[in-house]
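Here's the structure we're looking at; comments come further down.
The values are calculated or read from the model by the stated rules, or taken from the named source; none is laboratory data. Here the structure is a predicted model, which is why all the values come from computation and not from measurement. FYI the Cβ positions are ideal-geometry reconstructions off the backbone, even for glycines, and counts take in every protein chain you see. What goes into the accessible areas is simple: the full protein's heavy atoms, side chains included, and nothing from ligands, DNA or RNA. Shrake-Rupley method; radii C 1.70, N 1.55, O 1.52, S 1.80 Å.
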Amino acid sequence: MHQRTFTVKRPHWQILLGIFFLLAALLPAAPAAAQDEEGSARVVLAALETEEFPTIHLYLEAYDPDGKFNTDLQANQLQAVENGQERAIQQVQLFEPGIQIIVAFNPAALLANRVAGVSGYEQMQTNLVEWAQSQPADTPSDFSLVTNTGLQAIRLKDPMEWAMALHNYQPDLLSEQPDLNSLNQALDLAAEANPNPLMRRAILYITPPPNTTQQTAIPNLAGRAAQQGVKIFVWMIGSASTANTAGGQALQSLADSTGGQMFTYSGYETLPGPDDLLQPQRYLYRASYTSSIHTSGSQTLAVRAALEETPVESAETTFDFSVAPPNPIFLSPPVNIERTWSRPAQWREQSQLEPQSLPLEIVIEFPDGHERDLARTSLYVDDVLVAENTRPPFTRFDWPLESYQSSDTHHLRVEVEDTLGLVQSSIETPVTVNVEAPRGLFNNINVSQDRLLIGLSLLVTAGVLAAALVYTGRRRRRRGSRPRAGRQKVDPVTQPIEIRQDDLIRRGVKNNPSPSWPRSTDSPTAPARLVRLNEEHQPASSGSIAIIRTETTFGSDSRQAICVLDSPSVSSLHARLWQTQEGKFVLADAGSTAGTWVNYAPVSTHGVTLEHGDLVVFGRVTFRFELRSPNRERQPVVAPYIEE
């Protein structure tokens, strides 16, 4: 009954249109859609990421000559062309960024025409519903449905939910007036920001042929879609010959200018699967390479791919990029460093200045916001390189302090170089090194309180014992000088015999003279001499030592030293003094125990140049160095004694 009523009420133009479609169905079927002519392979640079610079990520598309997406691309087939220089691709990965799929219906009476009892709208609806039901639930794509009356479903993540929305949309096709409203709304929805900026956007526009008024608006819509990067696929309801009409040509231009396709459906053709249409948009390659950009400004980038025998290259992309060298900063640098004499655990160990080194730390900032690997960090003190790191950790240094024997202010600077070859230095930081003055002979001896008491007790005991022995000896001598008549009478053998020294001397027998120390070897022609001083720093009676040799050695052992100093504080070979070709005198310690000092400063084995008037101390023996023809006299500086 319903079928009959529908036929009676149909207008005459619809009846004629139905006859037209019936005749068209009897004719040989034309190609269902305009196919792309066979072309060449191509590669498209879709996007790039610089957040992980110097590693740059590329997003690209690769197509074979038939326009199908190449899903088997390898890293060795790709090269990045950065500012005209080839850079190797390190890795490439194929992934699905997802597609924003928008189906836009432009309902009209033409979609109600039936073939084999099924309308064109029902055929398309069934095709889309079955396709949606075949999609995985975790697909990265989203789905929307737009009609001339508004948005029916917006970015649904569940394909089954979208299939239900398609199934529930049942327009009154006979009363619908076709227009471009659904296509306009679909472009508005596609213009909104995607949750994933790499998602593709595609519109499937289902429509009858547009009228003359609509044809004039289609180029503007096509330009808008191309600007947004939206591909438009058109399913046009009509006969094969409709594709050659003005309306068909307008829709074909809409699809071609946006990178989509047009399919003309009369009801007898097999509708293409949406997967076939969306396959080129479903995938994307993510490739990575190490950039060599080292200057800020405009940069160029392209991708070269070996897809055929002849490599193909994408269009060149220009982008702005800022790069700056890393900035090193000292982390809590010291203002003062105190170097003091240590207290050795063993009394035989030699005291030394501490600390021997100082740890320093830095932080490294990247002003351009791109943290990257470093090639080296270098520490300079007074513009002299003292430490360098060529491997991690790059932020730590040990500043050696052994060479600083006197107080002074030094300037620290650190220099950083990254893997791009960019170099930057920190500002100079002043640091004062204070060196404790030596405390004399016993500075090198560390004696605990208990040991000191024991030593003093032994010293007192030895003194008492020596005094007793001296007293006893003197008493015996006095007794021996007195005549003992009784004993002489009794036993003359046991009586003391008086020996006169004068007689021995007259006979040529002389006592060994006690060694005079040091022997005076003064010479009026010597270029320099060492004058012996007493405790008040006044010339002693023991005289002076003339420096007449090119090199003179001092010590307590005559087999090792030229000048013998008989003192317990003097080592066997204590020090060396030599004259340079320029006529200067250099004094050096020879590894002595008590040390050699000039003006109360310790002398190393490398030596120190003497000047007229310098105080020279070997252990506890003090001299004044004098030149025969002095230019000037250096005044000794006495450092105050600091009680710990």
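What the table shows:
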item	result
GluC sites (Glu not before Pro) lying in DSSP loop within segment 545-634, provided at most 14 other Cβ fall within 10 Å	582, 633
Fraction of antiparallel bridges per DSSP, segment 103-170 only, in percent to nearest 5	75 percent
Fraction of accessible area attributable to carbon and sulfur, segment 556-622 (%, probe 1.4 Å)	46 percent
Size of electric dipole in segment 115-212: Cβ of Lys, Arg +1 and of Asp, Glu -1, about Cα centre, debye, nearest 20	260 debye
Other-chain or far-sequence residues with amide H under 5 Å of residue 401's (modelled H)	357, 358
Phi-based couplings in Hz for segment 71-78 (Karplus 6.51, -1.76, 1.60; Gly and Pro marked x)	9, 10, 8, 10, 5, 6, 8, 10
Antiparallel DSSP beta bridges within segment 94-246, as percent of all bridges there, nearest 5	25 percent
Computed magnitude of the charge dipole of segment 297-434 (debye, nearest 20; Cβ of K, R +1, Cβ of D, E -1)	700 debye
Environment charge at residue 137 (Cβ cut-off 11 Å; Lys +1, Arg +1, Asp -1, Glu -1)	-2
Amide proton proximity set for residue 235, modelled H, under 5 Å, gap of 5+	205, 206, 207, 263
Accessible surface, 1.4 Å probe, highest first, among residues 157, 68, 231	68, 157, 231
Highest to lowest packing among 612-625, 552-565, scored as the average C-beta count within 10 Å	612-625, 552-565
